[in-house]
Amino acid sequence: MKETKYSICGMCAVRCPIAVQVEEGKPVWIEGNSHDGGMGRSLCAKGGAAFSQRLDRQRPLTPLLRMGERGEGQWREASWDEAYEYITSRLKPILAEHGGRAIMFSDRGGPFADLRQAFVKSLGSPNYINHDCTCGRNVHHASKSVYGLGRKDFAYDYENTRHLVLFGRNITESLKVKEVKSFLKGVKKGAHVTYVDPRASITAGKASRYWQIKPGTDYALLLGIARCLIDNHWYDQDFVARYVTGLQEFKTFLQPYTLEWAAAETGIPAAEIEAFCREINEDRPKVIFHPGWMLARYRDSFYASRIIHILNALMGSIEQPGGLFYPKGPKDAGKKGLKSLAALVPAVTEERADGCGTRYPQWDKGAGMLQTAYEAIDSGIPYPVKAYFIHRHNPLIAMPDPAEQQRILNKLDLIVAVDVHFSESAWFADVILPENTFLERDDILRTEKGLKPGFGRRQQCVKPLNNTRAGWEIYLELAQRLGKGEYFPFQSMEDIWQYQLQDTGLTLADFDAKGFVKLSDKALWFDRDQLKFGTESGKIEFINSKWEAMGVASLPPYVAPDEPPAGSFRLLFGRCGYQAHGQHQNNPILSELLDVNTLWINTKAAKQLGIKDKDQVLVSSGDARGTIAARVTDLIHPQAVFMLHGFGTDVRAKKRSFGKGLADHIFMHGKLKEWDQAGGGLNLAESFVTVTPVPSTGEIR
Ligand SMILES: Nc1nc2c(c(=O)[nH]1)N[C@H]1C(S)=C(S)[C@@H](COP(=O)(O)OP(=O)(O)OC[C@H]3O[C@@H](n4cnc5c(=O)[nH]c(N)nc54)[C@H](O)[C@@H]3O)O[C@H]1N2
Ligand SMILES: Nc1nc2c(c(=O)[nH]1)N[C@H]1C(S)=C(S)[C@@H](COP(=O)(O)OP(=O)(O)OC[C@H]3O[C@@H](n4cnc5c(=O)[nH]c(N)nc54)[C@H](O)[C@@H]3O)O[C@H]1N2
Ligand code: SF4
Ligand SMILES: [Mo]
């Protein structure tokens, strides 16, 4: 008999609602959960390859203990009991000598992190960290400094917008299924789309205006746009008068940043920028300036994002159909939220090892900052860190400088990786605890914020094929064995779900029909005359004196990016629709769709170097080098080259992808120690490489 199970996809961190058909215990079909209107039956290529992930045997299928040196890849299979014993027998002396704070934990964050945060807290450690220093921290902190609200406190009504402005936000490839669908509906309805990127991605193909900006000059373009809009009074004066502070200072600051100046800096003609400003003035308030997602790129990415946030205020597009809106939570629907698991555990008051909230007072404590945590491991300051749990996170490729990372990680007494693949980081660990694939496990309930808030459930659709366990089982068991069981009074996931639902008046059966529960039938919008912001003044602060007191200027003068040294190119990177970072290059199906990355290089630049399309080229920077096929194209700025992230693994257990393509992060020298000083995002796009042809003999000169 066929039955449909509703769950949540886990092939990437977007976590779309899905429907899985199961026949006699076997998964036979997977699609989007069509009860969710925005999703329909759609799924992306990665989601479609979920069964293939489960069947893939080039993964850790039972707990593994390291035999040789770290990273050598010599493993011994172990029982779960043995693996738990290995971990706890090493953690106990660390806890006794250095206390809980000597244990660090990083993961991918997201809606299922509450249980893991509770685990870390139960050990007495403040050192829970997620991946965001290489992703959205600049955007998040910029949002906090303008609105006092985080980046996830805003969502976007693409479908009804009149004008969407994207600065390298590659919405159709670096995708969320619901977001692309809503974007495409907007395009169909005639929305203007302005796409700004040194590289014409697929999203550029959907745009009504594409600007091939000089890499690293977004801040200049944004200052030029802001000045033009304000000078011409092309902004929502009522909204600004009501909600904004600091407009006058902003005006004064903008004086040098004329259209001609912006044009010279960015390479985009002044008349085109002006035409854009005119158009956006007609389109407002149904306008979205997207503040960026992955902005761990430039040393001023925080400020570029800050101006984008400011432009949305000038457009008056906040809490506005066709603009930005606040994702509403249970409270906004007059309902109680899920009970927190971390709330069961006493607060940890200890200072964080990474300095968030202390050495770096402006940075949020919630997500932490991995690069400064590495500093702490290395120096032992503010205190020794001795053990590291890496859960659903792969810092050895997500962070730059792998050799430097390994040097620092080697100072630890214990590294535990919980993964479903042989990630580069798991390969370097002491113990690999293999988690069930997402189809094979339950997770804690999640809150789904939006115009119609609700809760969603990931449930086990099929039984695990291998000797793997669910994350919740792993952490409950470890807590128990470390004497912290009192904080986790649960025997099963059902116990946990019931605890989470305690105040909501809902039961588990309420999730059976659709996989989720909505707390409101109608879309919830706040009264635009009564908007509240999270800043000290309650207003939108163009100048934020609280942040200035913490050493973060609100509006620093523009500083041009470094020019590539002669013969060099700025290395840009990004994603495509078939892959999620470095996760699925070895997936049996996805590796067939795309098994190798290429190097985008501008036609004229390639010609000067004697490089033709599909030629093998040598990419080098310092002692890092490797060959890759060139993709010669006009679609990239002459100063830049581009490659997809996540290829070129050196983990030989991944036989389909081992050594295929080139890894971008190996060329980012010193970037583990270089970040946007205000926002904390790493400067991953501030690296240069040389590119030379490889003779047809394959010999490298
Ligand atoms: N050079 C360079 N660096 C980058 C980027 C880049 O483009 N170039 N991109 C940056 C960005 S935007 C981000 S978000 C980060 C992403 O960096 P990460 O967060 O490290 O990347 P993910 O691909 O999400 O995967 C993390 C790990 O989760 C594992 N995993 C997958 N499913 C499961 C599961 O069900 N359970 C468990 N336990 N583990 C699972 C995967 O095998 C993988 O090892 O990298 C950043 N770093
Ligand atoms: N299929 C798929 N979808 C994903 C992911 C995935 O791994 N695979 N990852 C998810 C995650 S974690 C994230 S953070 C998002 C990332 O979403 P995005 O931030 O939209 O994605 P990236 O692929 O990092 O896009 C980077 C684009 O920025 C451009 N760029 C580089 N320098 C500049 C510059 O100076 N100015 C401008 N304007 N543009 C520049 C690059 O050329 C590239 O096209 O995608 C998410 N969605
Ligand atoms: S975007 Fe694709 S891989 Fe990611 S959760 Fe959604 S369907 Fe799964
Ligand atoms: Mo990301």
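The values are calculated or read from the model by the stated rules, or taken from the named source; none is laboratory data. These numbers come from a predicted model, not from an experiment. With ideal geometry, Cβ positions are generated from the backbone for all residues, glycine too; neighbour counts draw on all protein chains shown. These accessible areas exclude ligands, DNA and RNA; they are computed on the full protein's heavy atoms, side chains included. Shrake-Rupley method; radii C 1.70, N 1.55, O 1.52, S 1.80 Å.
Listing for the model above:
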quantity: Single unsatisfied condition, Ile94 versus (1) open to solvent by 40 Å² or more (accessible area, probe 1.4 Å); (2) more than 16 Å from ligand 1 (Cβ to nearest atom); (3) in contact (Cβ under 8 Å) with a residue 24 or more places away in the chain; calculated: (1)
quantity: Residue, surrounded by the fewest Cβ atoms within 10 Å (Cβ to Cβ), within region 254-263, restricted to residues that are assigned to a helix (DSSP H, G or I) and over 32 Å from the mean Cα position of the chain (by Cα); calculated: Glu260
quantity: Boolean, Glu179 is part of a loop (DSSP other than H, G, I, E, B), under 20 Å from the mean Cα position of the chain (by Cα), within 16 Å of ligand 4 (Cβ to nearest atom) and over 30 Å from Leu555 (Cα atoms); calculated: no
quantity: Some residue of region 290-297 being away from ligand 4 (no atom under 16 Å from the Cβ) and in contact (Cβ under 8 Å) with a residue 24 or more places away in the chain; calculated: no
quantity: Options Gly450, Gly454; residue that is within 20 Å of Asp503 (Cβ to Cβ) and small (Gly, Ala, Ser); calculated: Gly454
quantity: Region 349-376 residues that are within 16 Å of Ala296 (Cβ to Cβ) and at pLDDT 95 or above, paired with ones that are among the β-branched types (Val, Ile, Thr) and part of a loop (DSSP other than H, G, I, E, B) (beta carbon under 9 Å, 6 or more apart); calculated: Ala373/Val385
quantity: Tally, over region 664-682, of residues that are assigned to a loop (DSSP other than H, G, I, E, B), surrounded by fewer than 23 Cβ atoms within 10 Å (Cβ to Cβ) and touching a strand residue (DSSP E or B) at 6+ places or on another chain (Cβ under 8 Å); calculated: 2
quantity: Residues satisfying the stated conditions in region 181-201, i.e. free of Cβ contacts under 8 Å to residues at least 60 places away in the same chain and more than 8 Å from ligand 2 (Cβ to nearest atom); calculated: Phe183, Leu184, Lys185, Gly186, Val187, Lys188, Lys189, Gly190, Ala191, Val193, Tyr195
quantity: Selected residue (criterion: farthest from Asp238 (Cα to Cα)) from residues of region 530-550 that are touching a residue at least 40 places away in the same chain (Cβ under 8 Å) and open to solvent by 30 Å² or more (accessible area, probe 1.4 Å); calculated: Met550
quantity: Failed item, numbered, when His140 is tested on (1) under 25 Å from Cys16 (Cα atoms); (2) more than 12 Å from ligand 1 (Cβ to nearest atom); (3) not in a helix (DSSP H, G or I); calculated: (3)
quantity: Region 138-162 residues that are over 16 Å from Tyr243 (Cβ atoms), paired with ones that are polar (S, T, N, Q) and open to solvent by 10 Å² or more (accessible area, probe 1.4 Å) (beta carbon under 7 Å, 6 or more apart); calculated: His141/Gln362; Tyr158/Ser182; Glu159/Ser182
quantity: Count - residues of region 238-253 that are part of a helix (DSSP H, G or I) and either surrounded by 13 or more Cβ atoms within 10 Å (Cβ to Cβ) or outside the structural domain of Gly538 (by TED's automatic domain parsing) (or both); calculated: 9
quantity: Residue within region 288-304 that is closer than 25 Å to Arg528 by Cβ, modelled with pLDDT of 95 or more and not in a loop (DSSP other than H, G, I, E, B) present; calculated: yes
quantity: Asp634 being over 22 Å from Thr172 (Cβ atoms), outside the structural domain of Thr437 (by TED's automatic domain parsing) and not aromatic (Phe, Trp, Tyr); calculated: no
quantity: Number of the condition not met by Arg297 [criteria: (1) surrounded by 18 or more Cβ atoms within 10 Å (Cβ to Cβ); (2) away from ligand 1 (no atom under 16 Å from the Cβ)]; calculated: (2)
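Results for (1) at pLDDT below 95; (2) crowded, with 23+ Cβ neighbours inside 10 Å; (3) within 14 Å of ligand 1 (Cβ to nearest atom), shown as yes or no for each residue.
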{"residue": "Asp56", "(1), (2), (3)": "no, no, yes"}
{"residue": "Arg90", "(1), (2), (3)": "no, no, no"}
{"residue": "Phe112", "(1), (2), (3)": "no, no, yes"}
{"residue": "Gln117", "(1), (2), (3)": "no, no, no"}
{"residue": "Val120", "(1), (2), (3)": "no, yes, no"}
{"residue": "Leu123", "(1), (2), (3)": "no, yes, no"}
{"residue": "Asp132", "(1), (2), (3)": "no, yes, yes"}
{"residue": "Ser145", "(1), (2), (3)": "no, yes, no"}
{"residue": "Tyr158", "(1), (2), (3)": "no, yes, no"}
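So that you can scan it fast, the table gives a plain yes or no per residue for (1) away from ligand 1 (no atom under 16 Å from the Cβ); (2) buried (at least 22 other Cβ atoms within 10 Å of the Cβ):
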{"residue": "Lys2", "(1), (2)": "yes, no"}
{"residue": "Ser7", "(1), (2)": "no, yes"}
{"residue": "Met11", "(1), (2)": "no, yes"}
{"residue": "Val14", "(1), (2)": "no, no"}
{"residue": "Lys26", "(1), (2)": "yes, no"}
{"residue": "Glu31", "(1), (2)": "yes, no"}
{"residue": "Ser34", "(1), (2)": "yes, no"}
{"residue": "Gly37", "(1), (2)": "yes, no"}
{"residue": "Ser42", "(1), (2)": "yes, no"}
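Results for (1) surrounded by fewer than 22 Cβ atoms within 10 Å (Cβ to Cβ); (2) away from ligand 1 (no atom under 13 Å from the Cβ), shown as yes or no for each residue.
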position: Asp430; (1), (2): yes, yes
position: Leu439; (1), (2): no, no
position: Leu445; (1), (2): no, yes
position: Lys449; (1), (2): yes, yes
position: Arg457; (1), (2): no, yes
position: Gly471; (1), (2): no, no
position: Gln491; (1), (2): yes, yes
position: Gly505; (1), (2): yes, yes
